[in-house]
1. Run the dipole for the chain about the Cα centre, Lys and Arg Cβ at +1, Asp and Glu Cβ at -1, nothing else charged, and hand back the magnitude in debye, nearest 20.
2. Return one number: the angle in degrees, 0 to 90 and rounded to the nearest 10, between the long axis of the Cα atoms of helix 191-202 and the longest principal axis of the Cα atoms of the chain.
3. Most mobile of Gln24, Gln119, Gln141 per a Gaussian network model of the chain (Cα springs, under 10 Å)?
4. How many percent of DSSP beta bridges within the chain run antiparallel, rounded to 5?
5. Please give the Cα centre distance for segment 15-45 versus segment 98-119, rounded to the nearest Å.
6. Any idea which of Ile224, Val241, Ile270 is furthest toward the positive side of the dipole for segment 209-274, if Lys and Arg beta-carbons carry +1 and Asp and Glu beta-carbons -1?
7. Ignoring everything except DSSP H segments at least 4 long, calculate the 222 nm mean residue ellipticity for the chain; use -39,500 (n - 2.57) per segment, divide by total residues, nearest 500.
8. What is the chain by shape, rounded, prolate or oblate, if you read a ≥ b ≥ c off the alpha carbon gyration tensor as root eigenvalues and call it rounded for a/c under 1.5, prolate for a/b larger than b/c, and oblate otherwise?
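Just so you know, all these numbers are worked out from the coordinates, no wet-lab data involved. Please read these numbers as outputs of a predicted model, since none were measured by experiment. Heads up, the Cβs are rebuilt from the backbone with ideal geometry, glycines too, and the neighbour counts pull from every protein chain shown.
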Amino acid sequence: MKPTATSSVLRSINRSAVLEIIRQQQVISYSQIAHHLKVSFPTVMRIVDELIQLNFVRPVGFSQEPSVGRPRSLIEFNGSGYCVIGLDLGGLELFGAVTDLSGNIQAEARSPSAKGDAQMNITTMFNIIDQLISIPRPKDQKILGIGIGAPGVTNSKQGVVTWAPNLGWSDLPLRQIVQDKFNIPTFIENDVNIATLAELSFGAGKGKQNFVCLYLREGLGAGIVIAGMLFRGHNNAAGEVGYIPPGLQYLGITDKGFGILEKFASSRGIVNRG
């Protein structure tokens, strides 16, 4: 019988949970973390010590509130210790930004996309990343990773953009291409799915178990959350609603690689109709 989780997986889950509660509370004590997560105090101490060594959190003294026994040690989330690069490749331009782990934008860069030109769009993406890497950052701040939101059908596990007609990409191993170029851990996801995860964590979907995020740009897509989890579908195309025919007369018809519904209802389609 295959075990449901190894000890390393459980440690990783516990560490992520501890880091998230510190990030949410900003300043918190060891005992409060143990109470919130219902884990033992020694476990919390071990995990927090690891996070301090990794520079994700830092000690900030002791609680000033009256308490029984010794004053409680406090730690805080170190949002400026690392930064990440985020890219949005949908729409009429390619956009990138550097933010710290608290979400503060430190720099931005953008450039027009080349519709359907696969190599030109890769080159433009590389130029944007180069700009963002070279921009001065706080001393000793390391780049933790690169996150890319790509339009179209995207296999996040394999890091492959299966189909993105606006960029001219088909079965493109984007994660490997970027990691080979910059030697930085890279993560690929559909751009609408990323927007949906943002709404789930910080926006209109926070606390919701089931909702749909509809995204209208050059194309038309949706992100789907079921039971509090992002639903990608069997072929990672669950939210590709732009390919749904608006009537029986449109069965089997496409629009130069785009879905037929996008021909009418996307921002591009609305402008063309106008």
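1. Working: 25 positive and 21 negative charges, 126 e Å.
Around 600 debye, computed over the chain.
2. 30
3. Gln24
4. On the way: 36 of 48 bridges.
In the chain, DSSP labels about 75 percent of beta bridges as antiparallel.
5. Here the two parts' Cα centres lie 34 Å apart.
6. Going by the Cα projections, it comes out as Ile270.
7. Numbers: 8 runs with 91 residues, N = 274.
Here the helix-only value at 222 nm equals -10000 deg cm²/dmol.
8. Numbers: a/c = 2.37, a/b = 1.79, b/c = 1.32.
The shape class here is prolate.
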